[in-house]
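Contents: one structure, followed by commentary.
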Amino acid sequence: MSGLRVIGGKARGRRLRSVPGDTTRPITDRAKESLFNILAGDLPDSSFLDLFAGTGSVGIEALSRGAAFARFLDTSRQAIETIRHNLVDTSLETNAEVLRLDAFTLLERPPDRQFELVFVAPPQYKELWKRTLLSLDAHPTWLSASAWVIVQIHPVEYAPMELQNLTEFEQRRYGSTLFVFYEKNEA
C-alpha cells in the first residue's frame, strides 16, 4: 500500500513506509481519519500505547496530533525497522519508544507508566484481540483512570467479552474495519 501517510497534525501529509510483505494490514485513511476525529479531545498530552504496531501509522498519527508520548510494540524485526524509519521521517522520534516485544510479555510486567489510549490491531482471525483485551483487563495498572482501549478487528471477529475492569461503550464500522471502544471502569 503506497498511499500510507499522516493525515493530521504537525506531520500532516508525510508519507509513511510500509512493512515489506503482507504481514501487516495498514489502516485505511478513512478509518484512521474517523478514529482520530473520535479521539481528538483525548489526544493532547496523552500517552499512547500502540500494540501490534506494524508500520506505526496509528501511533505516529497520535504523536502528530499532540500525544505527549507513544510506545510502539511489534515482534517483527521488519516492522520495528519500519516504525523507526517512519518516526525519523516524520520528526516524531523524540517522544516515542519502539520495542521489539510481544504485547503479552509487556503486559505481564509491572507498568513503568500508565496510558490514556491503547490501540490494539493484531493479526486478524487469531483471537489475539480477545487475548490482549483479557490481558489488559487483568493488568489495569497499565491504564490511567480515564483510559480507553480501542480494538481494530474485522466485523466477523467481534464477540462480546466478560471483563472486570473494562467496559465496552461504542462500536464504529468503516467497511471491513470495526473499532470497538472500551473504557476503564472507575475504581
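The values are calculated or read from the model by the stated rules, or taken from the named source; none is laboratory data. The shown structure was predicted, so the numbers you read here are calculated from the model rather than taken from an experiment. For neighbour counting, all protein chains shown are included, and Cβ atoms are generated from backbone atoms with ideal geometry for every residue, glycine included.
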Residues satisfying the stated conditions in the stretch 86-118, i.e. assigned to a helix (DSSP H, G or I), more than 14 Å from the chain's Cα centre (by Cα) and either within 22 Å of Tyr182 (Cα to Cα) or modelled with pLDDT under 95 (or both): Phe104, Thr105, Leu106, Leu107, Glu108
Please verify whether the stretch 57-77 includes one or more residues that are more than 14 Å from Phe115 (Cα to Cα) and of a type in the set (Phe, Trp, Tyr). no
Inside the stretch 21-63, the number of residues satisfying the requirement of being over 10 Å from the mean Cα position of the chain (by Cα), without any contact (Cβ under 8 Å) to a residue 60 or more places away in the chain and either on the phi > 0 side of the Ramachandran plot or not in a helix (DSSP H, G or I) (or both) is 7
Filter the stretch 176-187 down to the residues that are farther than 19 Å from Lys32 by Cβ and not in a strand (DSSP E or B) and list them by number. Asn185, Glu186, Ala187
Every residue in the stretch 64-85 that is in contact (Cβ under 8 Å) with a residue 40 or more places away in the chain, surrounded by 21 or more Cβ atoms within 10 Å (Cβ to Cβ) and not in a loop (DSSP other than H, G, I, E, B), please. Ser64, Arg71, Ala79, Thr82
Among the residues that make up the stretch 162-175, is at least one of them farther than 19 Å from Lys32 by Cα, surrounded by fewer than 16 Cβ atoms within 10 Å (Cβ to Cβ) and either hydroxyl-bearing (Ser, Thr, Tyr) or under 14 Å from the mean Cα position of the chain (by Cα) (or both)? yes
